[in-house]
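Below: the structure, in structure tokens.
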Amino acid sequence: MPTAKERVLFVCVHNSGRSQMAEALLRHMGGGRFEAESAGFEPGTLNPTVVAAMREIGIDISKAKTKSVFDLHRQGRGYQYVVTVCDESSSERCPLFPGPVRERMHWSFKDPSAFQGGDEERLAQTRAVRDEIKAKIAAFLARAQEKR
């Protein structure tokens, strides 16, 4: 009998970059064991630099929609894990999912929407964040495997 997928919600302020990358990376790396979603406090527009950085590693998020964490709660969604991915400077605005959760985590990543410079410079900074998120996802998966 197959086991139910564990549900993970990644949350940031706008759901336009970090949480979208984390959701896509967990879906890609999780081997189908997890059901990943992402949402924000003030849903914005998907960051095109984030889309480009993910495309470079073969993951297309160009059709992803930004979602409100409050809408997910109103829909009665439940999660085993809720991971906030805001950086320290915006942590006071980073929403908490109000529903019951087995484990809450905070992973601090810089916000790609705040990066300065030309297109290439912003892309390089976004790649660094993408790779940090990828490493955190890998550690999360290793820890989850140990619990099995």
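Where a number appears in this text, it was derived from the coordinates with a stated rule and is not lab data. Computed from a predicted model, the values in this text were never measured in an experiment. Every residue, glycine as well, gets a Cβ built from its backbone with ideal geometry; the counts of neighbours run over all protein chains shown.
Quick one: compute the contact order of the chain, relative version, from alpha carbon pairs under 8 angstrom and 6+ residues apart, as a percent. Dividing the mean separation by the residue count of the chain yields 28 percent. In terms of its Cα atoms, the chain spans 51, 29, 27 Å along the principal axes, sorted from long to short.
Close Lys pairs in the chain, defined as Cα atoms under 29 Å apart and 8 or more places apart or on different chains, number 19. Could you tell me which of Leu25, Gly117, His14 has its Cα farthest along the dipole of the chain towards the positive end, charges placed at Cβ (Lys, Arg +1; Asp, Glu -1), taken about the Cα centre? So the residue we want is Leu25.
Once the Cα atoms are used to define both axes, helix 119-147 deviates from the longest principal axis of the chain by about 20 degrees.
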